[in-house]
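I have placed the structure first, in the form of structure tokens, so that the comments after it can refer back to it.
The values are calculated or read from the model by the stated rules, or taken from the named source; none is laboratory data. The structure presented is a predicted model; accordingly, all values stated were derived computationally and were not measured. Positions of Cβ are generated from backbone atoms using ideal geometry, with glycine treated the same way; all protein chains shown enter the neighbour counts.
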Amino acid sequence: MGRRIVVTSGKGGVGKTTVVANLGIALALGGVSVVLVDGDIGLNNLDVALSAENRIIYDIGDVVAKKCRLKQALIRDENLDNLYLLPSAKLLPQDSISAQAFCAVINELDKDFDYVIIDCPAGIEQGFHRAVLPAREALVVTTPHISAVRDADKVLGLLTTYNIKEIGLIVNRVRGDLVIKEEAMSAREIAELLHTPLRGAIPEDDKLGFSGTFAETGSERCYNAYKMLAEAVACKGGKVYDCERPFQGLIYRFIHRRG
Ligand SMILES: Nc1ncnc2c1ncn2[C@@H]1O[C@H](COP(=O)(O)OP(=O)(O)OP(=O)(O)O)[C@@H](O)[C@H]1O
Ligand SMILES: [Mg+2]
């Protein structure tokens, strides 16, 4: 049986889909088999983040409607043969796939993969319920912004009403320069505030903002941050990328003081 992990958040747009795509690649680079499931029915962001949008023939809607077999809808990554995507049904309304039907799909995938990672839609309504229900672990994504942290807190409370055994926190878009200047909270401070184990800190990176994954952009710091996140997820603990470090050097501080 694989590990079923839902990646969720309180506030929308904090980076769930980006995290799912990059964590999937980082885990697959470590040799385990991974399937990424786009739980955002009606939208299709995960295939775009993975640059797989032109290779979709069938999607989860076709699987549920029995228009194809589950294996026919899976898209294998072009570079990693142990990484797959189950795309969302973009032409169907959000409520067209029931939570039970979604669970049945995840149960099937669970038999063949080490990791089933579900990209949760924004909000805490029906789409959230459907994405969280089959999961046994959750990774909650927040940015350092206070509104996102507050919404993450609400979602953490909501997750306790599900059959989720482990919850970890990912702080995305961390500006190490602002943390050093004490203008923003560090990832560790946010994790303490939310009483949730910190699994990863991902730096703000313009390149990642333009193109979905570190594999596409070649961003070394994002590669390192996601590699550490994958290790922490795999071991359920471990080190977290230090977003402040690049801004702690003497030269940086000297230039900054004069600027
Ligand atoms: N570390 C980062 N640095 C800079 N930009 C980022 C980073 N992570 C994500 N982004 C950008 O933030 C935007 C929102 O990301 P994403 O779509 O992954 O969020 P989401 O939580 O899935 O949104 P939704 O709630 O709508 O599903 C995207 O443009 C993405 O490229
Ligand atoms: Mg998304």
Which members of the range 205-246 meet the condition of being within 16 Å of ligand 2 (Cβ to nearest atom) and under 13 Å from GLY24 (Cα atoms)? GLY212, THR213
Tell me whether the range 149-168 contains one or more residues that are of a type outside the set (A, V, I, L, M), farther than 26 Å from LEU133 by Cα and surrounded by fewer than 21 Cβ atoms within 10 Å (Cβ to Cβ). no
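Of the residues ALA131, ALA135, ALA148, which single one is within 15 Å of ligand 2 (Cβ to nearest atom), in contact with a Lys or Arg (Cβ under 6 Å, 6 or more places away or on another chain) and at pLDDT 95 or above?
Result of the check over ALA131, ALA135, ALA148: ALA148.
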Determine, yes or no, whether VAL20 is among the aliphatic types (A, V, I, L, M), assigned to a strand (DSSP E or B) and under 21 Å from PRO144 (Cβ atoms). no
Among the residues of the range 181-190, is there at least one that is modelled with pLDDT under 95 and either touching a Lys or Arg at 6+ places or on another chain (Cβ under 8 Å) or not acidic (Asp, Glu) (or both)? yes
All but one of (1) away from ligand 1 (no atom under 12 Å from the Cβ); (2) under 11 Å from the mean Cα position of the chain (by Cα); (3) assigned to a helix (DSSP H, G or I) hold for GLY61; which doesn't? (2)
Within the range 110-143, track down each residue that is in contact with a helix residue (DSSP H, G or I) (Cβ under 7 Å, 6 or more places away or on another chain), assigned to a loop (DSSP other than H, G, I, E, B) and closer than 25 Å to VAL32 by Cβ. CYS120, LEU133, PRO134
In this structure, does LYS16 turn out to be surrounded by fewer than 18 Cβ atoms within 10 Å (Cβ to Cβ), modelled with pLDDT of 95 or more and either closer than 26 Å to ARG199 by Cα or more than 10 Å from ligand 2 (Cβ to nearest atom) (or both)? no
